[in-house]
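The values are calculated or read from the model by the stated rules, or taken from the named source; none is laboratory data. Here the structure is a predicted model, which is why all the values come from computation and not from measurement. Here Cβ is always computed from backbone atoms with ideal geometry, including for glycine, and neighbour counts include all displayed protein chains.
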Amino acid sequence: MRCSYIRLLVDDYEACFRFYADVLELPVLRGDEKSRYAEFDVESGTRLALNQREVMAEALETDTADPELPHQDRMAVVFEVDDVDATAARLVADGAPQVMAPRDWTAWGIRAAHFRDPDGYLLEISRPLL
């Protein structure tokens, strides 16, 4: 597993985009102020991504106001794997709480599955669609 993204799930996407692009002056690799998703170059193998919080909640069919998940969802750590299905099966067998089974997210260009760590943080395992 390789950590490919730290994805911040933000409420005010436009303000956050301007902060990372204009204040921190991070080069924009993908997206813009209106796209609700963007990726920034942070000069490492891992990218920083912004995602409109509600978009991710809708995709995962979760509720941003769920009192059982106080961190719901403010960030996601994204790991790139060679085989999403095999890795997801291993994680489930080892007791990782699965949020969403492996599926193709064609709009995002990835196959991914989602899990939670013991403290409720969102984890994604993914690979690009071929």
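Would you be able to tell me the number of residues in the range 108-130 that are of a type in the set (Asp, Glu), surrounded by fewer than 18 Cβ atoms within 10 Å (Cβ to Cβ) and within 18 Å of Arg2 (Cα to Cα)?
1
Can you tell me how many residues in the range 49-63 are in a helix (DSSP H, G or I) and of a type in the set (Asp, Glu)?
Kept after step one, since they are in a helix (DSSP H, G or I), are these residues of the range 49-63: 53-60.
Applying the additional criterion that residues be of a type in the set (Asp, Glu) yields 54, 58.
Going through the range 49-63 one residue at a time, the tally reaches 2.
For the range 5-44, which positions are assigned to a loop (DSSP other than H, G, I, E, B), without any contact (Cβ under 8 Å) to a residue 40 or more places away in the chain and touching a helix residue (DSSP H, G or I) at 6+ places or on another chain (Cβ under 6 Å)? Spell out how you get there, then give the answer.
Kept after step one, since they are assigned to a loop (DSSP other than H, G, I, E, B), are these residues of the range 5-44: 11-12, 24-27, 31-36, 41-44.
Those still in the list that are without any contact (Cβ under 8 Å) to a residue 40 or more places away in the chain too: 12, 24-27, 31-36, 41-44.
Scanning the range 5-44 gives Leu26, Glu33, Arg36.
Among the residues of the range 86-96, what is the count of those that are assigned to a loop (DSSP other than H, G, I, E, B) and either of a type in the set (D, E, K, R) or over 13 Å from Phe115 (Cα atoms) (or both)?
Total meeting the criteria: 1.
Taking Phe19 as meeting all but one of (1) aromatic (Phe, Trp, Tyr); (2) surrounded by 15 or more Cβ atoms within 10 Å (Cβ to Cβ); (3) modelled with pLDDT under 95, write down the number of the exception.
Checking Phe19 against (1) aromatic (Phe, Trp, Tyr); (2) surrounded by 15 or more Cβ atoms within 10 Å (Cβ to Cβ); (3) modelled with pLDDT under 95, the one that fails is (2).
Checking Trp105 against (1) surrounded by 14 or more Cβ atoms within 10 Å (Cβ to Cβ); (2) within 17 Å of Cys3 (Cβ to Cβ); (3) of a type in the set (A, V, I, L, M, F, W, C), only one condition comes out false. Which one?
Only one criterion in (1) surrounded by 14 or more Cβ atoms within 10 Å (Cβ to Cβ); (2) within 17 Å of Cys3 (Cβ to Cβ); (3) of a type in the set (A, V, I, L, M, F, W, C) is unmet by Trp105, namely (2).
I'd like the full set of residues that are among the β-branched types (Val, Ile, Thr) and touching a residue at least 40 places away in the same chain (Cβ under 8 Å), limited to the range 91-125.
Result: Ile125, single match.
Give the range 29-38 a look and list any residue that's surrounded by 15 or more Cβ atoms within 10 Å (Cβ to Cβ), at negative phi and either among the aromatic types (Phe, Trp, Tyr) or touching a strand residue (DSSP E or B) at 6+ places or on another chain (Cβ under 6 Å) (or both), or say none.
Tyr37, Ala38
So, in the range 103-116, of the ones that are under 14 Å from the mean Cα position of the chain (by Cα) and either in a helix (DSSP H, G or I) or not hydrophobic (A, V, I, L, M, F, W, C) (or both), which residue ends up nearest to Asp73 (Cα to Cα)?
So the residue we want is Arg116.
Can you spot a residue in the range 69-85 that is out of contact with any Gly (no Cβ under 8 Å at 6 or more places or on another chain), buried (at least 18 other Cβ atoms within 10 Å of the Cβ), part of a loop (DSSP other than H, G, I, E, B) and touching a residue at least 24 places away in the same chain (Cβ under 8 Å)?
Yes, that holds for at least one residue.
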